[in-house]
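Some notes on the structure that comes next.
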Amino acid sequence: MTSRTADQTQLDQSSGPVYRLRLATGSDWADIVALEMASFDHGRWSEQLWREEIAAADSDRGRLVSLIEQVTASTPIDSQSGPLVAVATWSWLDEVADLRRLSVHPDHRRAGLATRLLENGCQQASQAGVQRVLLEVSARNTAAISLYQRVGFTTIAVRPDYYGLGDDAWVMERSS
Ligand SMILES: CC(C)(COP(=O)(O)OP(=O)(O)OC[C@H]1O[C@@H](n2cnc3c(N)ncnc32)[C@H](O)[C@@H]1OP(=O)(O)O)[C@@H](O)C(=O)NCCC(=O)NCCS
């Protein structure tokens, strides 16, 4: 089990829903798979893949799965109350980190949750010595590209047909 404690962060919400960012645990996989189903039309990660992702983050300090759940103002800080509304998973080695997956439930988009997960992941990677953060995104995914550009990522390469014929991948980078 990792000793990182940056998960216990109550997000600042002056009005509207209250969200909490925390590390994923072994009991979160089913909720993460449900979020995956709601967030992606195709190319979904399987239950097995998510189980392995969480297990890796639990045992490897170069892996991170963080999530955001909706809570009430009175939810105890150490309870897992859900519902889970956003997730991000990362890996890093030496000075380079990769964003492996990011999704926000459709009902909770445009509330800054992806931005919060990105900044938190970059901060944790930076504390581990990472200097560059990389990701791949479909050139067709204009929402994600807008998000990544807004938080400082720039396109450094294009991988033609990476996601299928006519569906290029953009490789994007920012400093951590
Ligand atoms: C892409 C995604 C993660 C964005 O999550 P989010 O929590 O809504 O993003 P944020 O609220 O942090 O957005 C921050 C900024 O990104 C940009 N942005 C986000 N979604 C956008 C959209 N649909 N259209 C245009 N710009 C968008 C905006 O500049 C936004 O700021 P604003 O709301 O003040 O205009 C979410 O739409 C999602 O889960 N999509 C499906 C899964 C996916 O594509 N994942 C990424 C794969 S690489």
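Of all residues being without any contact (Cβ under 8 Å) to a residue 24 or more places away in the chain and within 12 Å of the ligand (Cβ to nearest atom) in region 16-53, which is surrounded by the most Cβ atoms within 10 Å (Cβ to Cβ)? Just the residue, please.
44
Among (1) within 12 Å of the ligand (Cβ to nearest atom); (2) at pLDDT 95 or above; (3) part of a loop (DSSP other than H, G, I, E, B), which single condition is residue 171 missing?
(3)
State yes or no: is residue 101 basic (Lys, Arg), within 11 Å of the ligand (Cβ to nearest atom) and crowded, with 18+ Cβ neighbours inside 10 Å?
Working: basic (Lys, Arg): yes; within 11 Å of the ligand (Cβ to nearest atom): yes; crowded, with 18+ Cβ neighbours inside 10 Å: yes.
Spelling it out, residue 101 is indeed basic (Lys, Arg), within 11 Å of the ligand (Cβ to nearest atom) and crowded, with 18+ Cβ neighbours inside 10 Å.
What are the residues in region 111-168 that are small (Gly, Ala, Ser), within 13 Å of the ligand (Cβ to nearest atom) and assigned to a helix (DSSP H, G or I), if any?
Of everything in region 111-168, those that are small (Gly, Ala, Ser), within 13 Å of the ligand (Cβ to nearest atom) and assigned to a helix (DSSP H, G or I) turn out to be 114, 121, 143, 144, 146.
Could you grab me the full set of residues in region 54-74 that are under 13 Å from the mean Cα position of the chain (by Cα) and under 10 Å from residue 24 (Cα atoms)?
54, 57, 64, 65, 66, 67, 68
Can you name the condition, by its number, that residue 130 falls short on among (1) within 21 Å of residue 43 (Cβ to Cβ); (2) surrounded by 12 or more Cβ atoms within 10 Å (Cβ to Cβ)?
(1)
Report yes if some residue within region 75-92 is more than 10 Å from the ligand (Cβ to nearest atom), in the same structural domain as residue 49 (by TED's automatic domain parsing), among the β-branched types (Val, Ile, Thr) and at pLDDT below 95; otherwise report no. Talk me through it step by step, then tell me what you get.
Start the filter on region 75-92 by keeping residues that are more than 10 Å from the ligand (Cβ to nearest atom), which leaves 75-84, 89-92.
Those left that are additionally in the same structural domain as residue 49 (by TED's automatic domain parsing): 75-84, 89-92.
Those still in the list that are among the β-branched types (Val, Ile, Thr) too: 75, 77, 89.
Cutting the leftovers down to at pLDDT below 95 gives us 75, 77.
There is at least one residue in region 75-92 that is more than 10 Å from the ligand (Cβ to nearest atom), in the same structural domain as residue 49 (by TED's automatic domain parsing), among the β-branched types (Val, Ile, Thr) and at pLDDT below 95.
Inside region 1-22, can you point out the residues that are touching a Ser or Thr at 6+ places or on another chain (Cβ under 9 Å), at pLDDT below 95 and among the hydrophobic types (A, V, I, L, M, F, W, C)?
1, 6, 18
Kindly establish whether residue 142 is loosely packed, with under 14 Cβ neighbours inside 10 Å and either outside the structural domain of residue 110 (by TED's automatic domain parsing) or among the acidic types (Asp, Glu) (or both).
yes
The values are calculated or read from the model by the stated rules, or taken from the named source; none is laboratory data. The structure displayed is predicted, hence computed values, not measured ones. When we count neighbours, we look across all protein chains shown, and the Cβ atoms used for this are built from the backbone with ideal geometry, even at glycine.
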